[in-house]
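The values are calculated or read from the model by the stated rules, or taken from the named source; none is laboratory data. Just so you know, these numbers come straight off a predicted model, no measurement behind them. Counting neighbours? That spans all protein chains shown, and the Cβs are built from the backbone with ideal geometry, glycine included. The protein model used for the area step is the full one, side chains on, heavy atoms only, and it has no ligands, DNA or RNA in it. Shrake-Rupley method; radii C 1.70, N 1.55, O 1.52, S 1.80 Å.
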Amino acid sequence: MNILVINAGSSSLKYQLFNMKDESVLAKGKVERIGMETAILTHEPSGKSEVHEVSEILEHTTAIRKVLDKLVHPQQGVLTSTAEIDAVGHRVVHGGESFKSSVLVNEDVKREIKRLFDLAPLHNPAHMLGIAAVEANMPDVPQAVVFDTAFHQSMPAPAYLYPVPMALYRKHKVRRYGFHGTSHKYVSERAAAFLGRPLEQLKLVTCHIGNGASCAAVLGGKSVDTSMGMTPLEGLMMGTRSGDLDPAIVPFAMGKEDLTLGEISSMLNKHSGLQAISGISSDMREIVEAVEAGDKNAKLAFDMYEYRLRKYIGAYAAAMNGIDAIVFTAGVGENSELLRKTVCEQLTFLGVEFDEEANRAGRGQDRRISKPGSKVEVLVIPTNEEWMIARDTYALAQKTN
Ligand SMILES: Nc1ncnc2c1ncn2[C@@H]1O[C@H](COP(=O)(O)OP(=O)(O)O)[C@@H](O)[C@H]1O
Ligand SMILES: CC(=O)OP(=O)(O)O
Ligand SMILES: [Mg+2]
């Protein structure tokens, strides 16, 4: 069975095609800058050379069409026809309280994903475009959706409720949902396997540090707390998102700067974080380069980013009454030696003995970056949300046969 996994963002679309029989990746790639003058398609068919194409791709239906064309292309493709795609799995960021696990797409599911647009404005509308685009191009293929929120549905009420009038929860489901759950779940399972210990007995803090970033406290394989909240804005400082701040700043800034609700929301989601403090970039690679070149604003941005992450790790050690391992994953977590080093070197009070040499070695594989015998282990585990989505889609699609 071949499964196509799609992670549709507002201006991008990432894909991976899996052969579930031998768990191999047949092709992967992405379309970036959808809707802009020049979109870039990168296609990596297994065993063949990488393809880069620049063209105008104005919306997601065309992007999916281009991806399908590549997958069946006589030279660059890996399939003879799209009929060889048995099911499609989508990442959906917000599933609210309705979805505790992955489901097949039907009209009710689509309605619910649309209802949640307000709660994940950067993500859910794009996912719906992805689902509609597959429907338009491959109307008979079963589609599944895998939610970022599902893994965190195990959080207890003291972790997921906000101390505001309960009517907000009862009437509008205002609560912490948490995101990146597919990734937190995946790296927790891998961490247990790497450590050779049962997941049920482990206290883990998983740090998914990408463009969006969140930490989770994972106790016995279940999420008991996480830093993102009702929306993916709360918690850690991110590329363009503020993370935690005094809620009183919102009405204050709106009044002083004469901002509308839309403008303040856009400021906190798209014009804050690393980008705002450094004035340089939302990309950690560029921040680290600027820090090394002596840029003061970049250094301040990095220090704030690191400090806020370290505080969350400390908080989750308290939440679980200790930790066995800290796991770093996603774009920054997997690649930034400097961030891991700066965070871990100040966690000696927890029992972290950091191994600088191990931190510099290896890439793209599961590895330990704490010293042998360290009371708290520190691991780097590359995430693979796409594989988790393929796994769930496969299980659901088999039920339809
Ligand atoms: N070598 C590197 N050093 C530091 N940061 C990196 C490196 N490579 C990638 N990144 C960071 O990873 C981020 C993207 O992470 P990713 O997990 O792919 O995010 P998303 O899925 O949210 O798009 C980039 O914005 C960049 O800051
Ligand atoms: C939920 C979220 O923030 O996702 P991403 O990191 O992909 O933006
Ligand atoms: Mg991501």
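Couple of notes before you dig in:
- Exactly one residue out of S10, S55 is at pLDDT below 95 and touching a helix residue (DSSP H, G or I) at 6+ places or on another chain (Cβ under 6 Å): that is S10.
- Qualifying position, being under 21 Å from the mean Cα position of the chain (by Cα) and either away from ligand 1 (no atom under 14 Å from the Cβ) or in a helix (DSSP H, G or I) (or both), among L274, L259, L245: L274
- Candidate set: segment 209-221, residues that are touching a residue at least 60 places away in the same chain (Cβ under 8 Å), open to solvent by less than 30 Å² (accessible area, probe 1.4 Å) and within 15 Å of ligand 3 (Cβ to nearest atom); chosen: the one nearest to A159 (Cα to Cα): A216
- Residue in segment 88-105 that is hydrophobic (A, V, I, L, M, F, W, C), part of a loop (DSSP other than H, G, I, E, B) and open to solvent by less than 10 Å² (accessible area, probe 1.4 Å) present: yes
- Failed item, numbered, when H73 is tested on (1) without any contact (Cβ under 8 Å) to a residue 24 or more places away in the chain; (2) under 26 Å from the mean Cα position of the chain (by Cα): (2)
- Matching residues, segment 287-338, being more than 16 Å from ligand 2 (Cβ to nearest atom), aliphatic (A, V, I, L, M) and closer than 20 Å to P382 by Cβ: V288, I313, A325, I326, V327, L338
- Hits in segment 222-241 - residues which are open to solvent by 20 Å² or more (accessible area, probe 1.4 Å), assigned to a loop (DSSP other than H, G, I, E, B) and farther than 20 Å from V92 by Cα: T240
- Residue in segment 110-127 that is nearest to M230 (Cα to Cα), counting only those that are open to solvent by 10 Å² or more (accessible area, probe 1.4 Å) and touching a Phe, Trp or Tyr at 6+ places or on another chain (Cβ under 8 Å): L119
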